[in-house]
Structure formats: C-alpha cells, structure tokens
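Data first, discussion second: the structure below is written as structure tokens.
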Amino acid sequence: MTGLDGSDRFLIDIASFGVKGYTSLTKGPTVKLTISDFETGIDTIQFDGISNKGFDDLVLRDSSGHAVVQVGRFRVHLLGVQSAELAPEDFVFV
C-alpha cells in the first residue's frame, strides 16, 4: 500500500481477510501487508474489527531493515521505518 501526500490512514479490515471461513484475528493463514511510505507521527494504521485491542497488543520488531507490526495473524511491514519510531498515536483500533 502506498499513500498520497500528507496524512494517510491505512485501513486494515480484519474481517475482509477471511479465507475459507476464517474471519478472526488468530485463525487462518498469515496475512502479510506492506506499506511503502508510512510516516510516523503523520500517518496512521487503522485496524478495524479489533476494538478490544490496543498498542500494547502489537508485536513490534525490525526485519530486513524495516519495522514489522504484528497483531494476531496479521503482519504489516513498514518500509523505511524502524520499530522504535512507532508510538501509540500511529495506530487506531476500531
């Protein structure tokens, strides 16, 4: 995914990634997404369908020089970003 100029909200709808009846956060195959131009403090990632989760539920790590954000079976790769740069304000849970 690539945003436009200025502030972007990258929407990840958990239920829309249902595969063979799997629409949950933890059951089913791993879903890998890549955001090529995420800007910390400007852009946000919105996880729809998991309003009971928060920043502390994310697993943040670095891999191959960029941040990987994992929640359940969803992995979001943020090119050009390090995990230490990420803050709660970068995420929305609905």
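For the stretch 32-40, 3J(HN,Hα) computed residue by residue from phi via the Karplus equation (6.51, -1.76, 1.60; θ = phi - 60°) reads 10, 10, 10, 10, 8, 9, 5, 10, 4 Hz, glycine and proline entered as x. Rounded to the nearest 5, what % of DSSP beta bridges with both residues in the chain are antiparallel? Expressed as a percentage, antiparallel bridges in the chain total about 45. Label reach from THR34 (point 7 Å along Cα→C-beta): in the stretch 55-84, amide nitrogens under 18 Å belong to 61-70, 74-83.
Computed from backbone phi, the HN-Hα couplings of the stretch 52-64 come to 7, 9, x, 4, 5, 8, 7, 9, 10, 8, 10, 8, 6 Hz, rounded to whole numbers (Karplus: 6.51 cos²θ - 1.76 cosθ + 1.60, θ = phi - 60°; Gly and Pro given as x). Value of Rg to Rh for the chain, rounded to two decimals, is 0.94; Kirkwood radius and Rg both from alpha-carbon coordinates. Here's how it looks for GLY80: its modeled amide H is under 5 Å from those of ALA67, which are all 5 or more places away or on a different chain. When all alpha-carbon pairs of the stretch 42-82 are counted, what percent fall beyond 14 Å? Summing the P(r) of the stretch 42-82 above 14 Å gives 48 percent of all pairs.
Each residue in LEU11, LEU86, LEU4 was given a count of other beta-carbon atoms within 10 angstrom of its own, and listing them fewest first yields LEU4, LEU11, LEU86. Around SER63, under 15 Å between beta carbons, what's the net of Lys plus Arg minus Asp minus Glu among the other residues? That works out to +1.
Exposure proxy for LYS32, LYS53: other Cβ atoms within 10 Å of each Cβ, ordered fewest to most, give LYS32, LYS53. The H on the amide N of ASP43, modeled in the peptide plane, is under 5 Å from the matching H of ASP8, each at least 5 residues off or on a different chain.
Of the residues VAL31, VAL76, the one with the fewest other Cβ atoms within 10 Å heads the list, and the complete ranking is VAL31, VAL76.
Each value in this text was obtained by applying a stated rule to the coordinates, not by laboratory testing. Predicted model only: the values in this text are computed from it and were never measured. Counting neighbours? That spans all protein chains shown, and the Cβs are built from the backbone with ideal geometry, glycine included.
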